[in-house]
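Enquirer: Below is one structure. I have some questions about it.
The values are calculated or read from the model by the stated rules, or taken from the named source; none is laboratory data. Everything numeric here is computed off the predicted structure, so don't read it as measured data. Reconstructed Cβ throughout: ideal geometry from the backbone, glycine too, with neighbour counts over all protein chains shown.
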Amino acid sequence: MSLLESIRIALNAIRANALRSALTILMIVIGVGCVIIGAAFGSGTQAAVKEQMSTLGANVLSIYPGQSFGHGRVASSNRVSLTIDDYDALRRDSQFLSAVVPELRSSRQVKFGNKNIHGTITGTTPNYLVVNNRELTHGRMITQSDLAARRRVAVLGYSIPTSFEFAPTSLLGRDISIGRIIFKVVGVFAEVGSGGYGPSVDDAIYIPLTTARFRVFGSDRLGSLSAEVKENIGIDMAMVDIERVLRREHKIRPGDPNDFQIMNRSVFTDMMQSITSTLSTYVIGILAISLLIGAIGILSIMLVSVTERTREIGVRKALGATRGNILTQFIVEAITLGALGGLFGIVLGWLGSEAISSQFDMPLIVEMQTVLIAVAVSVSVGFSAGVWPAYLASKLDPIEALRHD
């Protein structure tokens with residue numbers, strides 16, 4: 001009997017008990033579907049983090065304000081630990097930094113026409129574009145002459161035109177109101193997306209640092225600094241260099257903790273890898289439990305099938321079927337159940353990934369490697385669960401089998 005004939009008989013047997021077969025493979029379907037979705041989430045997250053890191057730059061350090069300390073205790077003052085003076089000191093005294101970019105941030109009402117949005121306004125300098133590896137889709141970046149003249153010009157994040165329900169090109173050269181101050185739109189940034197921390201830079205509006213400081217916010221307190229490390233200089237050396245300058249600038253005594261934080265952006269990659277690794281462990285656990293239950297289900301239905309088809313087995317043996325034929329027949333049937341569970345699980349996982357991705361705007365990537373592994377595991381489960389019932393069927397005595405009611 002050919003393999004195709006065995007598969008045909010197996011499908012007929014499964015079709016004859018469709019409901020029982022569906023319930024048998026249900027756990028395999030659920031297990032494989034969960035694995036596909038979990039693996040797609042992990043792959044999508046890793047791809048998004050890699051893309052974000054390539055955008056941010058691995059040789060860029062971020063500096064944030066911290067708590068103000070004194071004599072080992074948190075100070076009662078509300079002094080913000082990063083100012084324009086810190087920015088100037090790093091530019092002047094750091095040895096291992098090629099560029100320093102300040103970001104003076106605050107939220108303001110932004111108006112264009114009859115549309116109002118609440119946006120993050122960021123005062124910065126022209127080298128923000130290069131240090132943060134940003135691109136413009138339209139217009140230009142803030143210039144040094146804009147800084148010197150404290151001009152009221154703005155570069156919009158990618159999402160801002162959409163919030164105003166206008167095309168980016170339609171906003172170029174137009175006026176928007178930030179608070180009560182009129183700014184001219186001179187550029188629009190390309191999309192970056194969310195890096196998984198803090199507000200999205202696509203939702204921000206960028207203006208000259210001097211304009212933000214003297215005309216909009218009236219403050220020199222920075223939200224953060226970005227520091228680009230020189231080529232062939234280690235990140236650790238640059239962090240020590242920054243710490244040296246800022247501790248001196250803030251007059252921090254030896255032994256007292258920093259009142260600022262220096263963050264290597266590559267830590268976000270490590271964090272996301274840790275998260276996806278933990279997720280993978282849970283996914284494997286779900287798969288193991290589901291496949292174990294699925295294997296028990298296939299084993300049970302195959303044992304029942306052997307009992308129900310004892311007379312059929314006796315007739316086939318009487319007509320010349322060998323033990324190998326019977327063994328092959330029942331193993332193929334069990335493998336078919338496992339394979340069907342895997343295929344339906346893949347469909348469930350793919351549809352689930354697409355639904356989650358579109359509903360929650362999350363990057364989920366279903367990889368072919370995951371699909372092939374799911375099929376292989378499902379077939380292996382079917383084979384493992386079908387060996388023992390197939391062996392019992394092949395050992396039946398044809399005479400005793402024909403007498404079975």
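Enquirer: Would you point out the residue of the stretch 95-127, among those that are in contact (Cβ under 8 Å) with a residue 40 or more places away in the chain, among the small types (Gly, Ala, Ser) and part of a strand (DSSP E or B), that is farthest from residue 238 (Cα to Cα)?
Expert: Selected residue: 119.
Enquirer: Return the residues of the stretch 128-151 that are surrounded by 18 or more Cβ atoms within 10 Å (Cβ to Cβ) and either in a loop (DSSP other than H, G, I, E, B) or without any contact (Cβ under 8 Å) to a residue 60 or more places away in the chain (or both); say none if nothing qualifies.
Expert: Answer for the stretch 128-151, where residues must be surrounded by 18 or more Cβ atoms within 10 Å (Cβ to Cβ) and either in a loop (DSSP other than H, G, I, E, B) or without any contact (Cβ under 8 Å) to a residue 60 or more places away in the chain (or both): 129, 132, 134, 138, 139, 141, 142, 151.
Enquirer: Further, regarding this structure: Determine which member of the set 218, 255, 234 is assigned by TED's automatic domain parsing to the domain that holds residue 153 and at pLDDT 90 or above.
Expert: Going through 218, 255, 234 in turn, the sole match is 218.
Enquirer: Can we say residue 331 is of a type in the set (Val, Ile, Thr), out of contact with any Lys or Arg (no Cβ under 9 Å at 6 or more places or on another chain) and either closer than 14 Å to residue 14 by Cα or surrounded by 21 or more Cβ atoms within 10 Å (Cβ to Cβ) (or both)? Steps first, answer last, please.
Expert: Numbers: of a type in the set (Val, Ile, Thr): yes; out of contact with any Lys or Arg (no Cβ under 9 Å at 6 or more places or on another chain): yes; either closer than 14 Å to residue 14 by Cα or surrounded by 21 or more Cβ atoms within 10 Å (Cβ to Cβ) (or both): yes.
When the stated conditions are applied, residue 331 passes them.
Enquirer: Go over the candidates 186, 216 one by one and state the one that is β-branched (Val, Ile, Thr), part of a helix (DSSP H, G or I) and closer than 28 Å to residue 88 by Cα.
Expert: Within the list 186, 216, the selection yields 216.
Enquirer: Further, regarding this structure: Across the stretch 168-191, which residue is surrounded by the fewest Cβ atoms within 10 Å (Cβ to Cβ) among those that are farther than 25 Å from residue 130 by Cβ and polar (S, T, N, Q)?
Expert: Applying the filter and picking the extreme gives 170.
Enquirer: Right, next: Only residues that are on the phi > 0 side of the Ramachandran plot and touching a residue at least 12 places away in the same chain (Cβ under 8 Å): list them for the stretch 225-254, please.
Expert: From the stretch 225-254, those on the phi > 0 side of the Ramachandran plot are 232, 251; that's our starting set.
Scanning the stretch 225-254 gives no hits.
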